Each structure stands twice: as C-alpha cells, then as structure tokens.
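Novice: Sharing a structure with you now.
Only the coordinates and a few stated rules stand behind these numbers; no lab work does. Everything quoted here is computed from the prediction, not taken from an experiment. As a convention, Cβ positions derive from the backbone with ideal geometry for all residues, glycine included, and neighbour counts pool all protein chains shown.
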C-alpha cells in the first residue's frame, strides 16, 4: 500500500540528528541547518519593488547578493530568480502577499521547502574542506554573498554567513551524499593535520 505526500506533511530529513567535528577546537563542525520556509521566486527585475512589498523584507537585485535580517533572507541566484527564506510560521503570510500582487504582476512563487536540506559548515577549516569539491574562491568570497554552485557532483546553494561560517542548501535526495563528502574531506583534513604535527613538517 503506497502513501501519498501531502503539502501539509513535513518530509523526513535524512540528516536528522547528524553531527560531525574534526580537528582541535574543533577546526571543522558540520550541523544540520534549521528548517524554514523556502520559496523560489521568478519575477521581472522591473517589478522587484512589488516583490519586496509582498515579502516584507529587502530583496537584492544583484546576482550573488543576499539580504538577511528579521528572520528572513533573500538570495539573488539569477537575473530574475530569487530564493526567499523565512520562519515556517510566515509561509502563509508571504504566499498571501504575493497572491495580492498576482493580478498586476506576472510572477512565479514555488514552495521548495519540502525538497531542500541545509547543512551548516563552520570553523577555520571550513573553506578548505568545502574547496575539496567546490570551485569557488571561498577565502575571498564576501560575507553575505551567495552562489549556486557544485560540491563534487551535487548542485548546491552556498551562503557565506560569517568569515568561517557557511550554509549549504541541497536537494533532499543529495543530502546524505553531500554530508558524506564533507565529513570524508573533514577526516582527511584531520589526518593530514595530525601527520604534520607528528612529523613537524
């Protein structure tokens, strides 16, 4: 007997309860990011002011920029594409706001929260471990920047929240793959660091 998925259901997080740390301090920590409402917005840049009014928070116009505060975030991922994030409790209010501008402003707002999992990566080794599979220059990536990129074979959205603190969003089906990649890279970093300390090189 098969079971259907309903919009009101909360899908299982394959990483629930997962934690990882490597190095002294530790130098790397992985944690499952908090769940939230995630909405994919497509709208003409000329109408961005109306989207800001519907969202109730600033939405950046430049690709790679992110606005964050008051428990809401908006990431510009393309010329007319944004990822909007807010507390789960705000989901209906936000969708209602966009429904109000729908008659005058053509746009698409898709709930993608059910398909996405977040992973927080922090510590002095975070950029090094991410760069084991990500081609971006993370050391020089500005705090508050974001990008759609890849980690090994998985497409991800990466945010730099602080100097040594990143958040990665990936589709639920790739979550375990991404976690395994990061934790493996973390163990290799730890082994190399331990070897260096022993040899004094």
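Novice: For the chain, what is the mean residue ellipticity at 222 nm derived from helices alone (per DSSP H run of n ≥ 4: -39500 (n - 2.57); sum divided by total residues; nearest 500 deg cm²/dmol)? Before the final figure, lay out each step's value.
Specialist: Numbers: 4 runs with 49 residues, N = 201.
It lands at -7500 deg cm²/dmol.
Novice: Something else: Normalised radius of gyration for the chain, please: alpha carbon Rg relative to 2.2 N^0.38 Å, two decimal places. Don't skip to the end; give the middle numbers.
Specialist: On the way: Rg = 18.6 Å, N = 201, 2.2 N^0.38 = 16.5 Å.
Here the Cα radius of gyration is 1.13 times the empirical estimate.
Novice: Express the relative contact order of segment 73-201 as a whole percentage, based on alpha carbon pairs under 8 Å and six or more residues apart in sequence. The partial results should precede the final answer.
Specialist: Numbers: 131 pairs, mean separation 27.4, N = 129.
Averaging sequence separation for qualifying contacts and normalising by length gives 21 percent for segment 73-201.
Novice: Another one. Any idea what angle helix 175-199 forms with the longest principal axis of the chain, computed on alpha-carbon atoms, 0 to 90 degrees, nearest 10?
Specialist: 30 degrees
Novice: Please report how far the C-alpha centroid of segment 109-146 lies from that of segment 11-61, rounded to the nearest whole angstrom.
Specialist: Result: 10 Å between the Cα centres.
Novice: While we're on this one: Beta carbons within 10 angstrom, averaged per residue: use that to sort the peptides 95-106, 36-47, highest first. Let's see the in-between values first.
Specialist: Values: 95-106: 13.1, 36-47: 17.1.
Ranked from most to least packed, the peptides come out as 36-47, 95-106.
Novice: Now for a different question. Roughly what angle does helix 91-101 make with the longest principal axis of the chain, taking Cα atoms, 0 to 90 degrees, to the nearest 10?
Specialist: That helix lies at roughly 40 degrees to the long axis.
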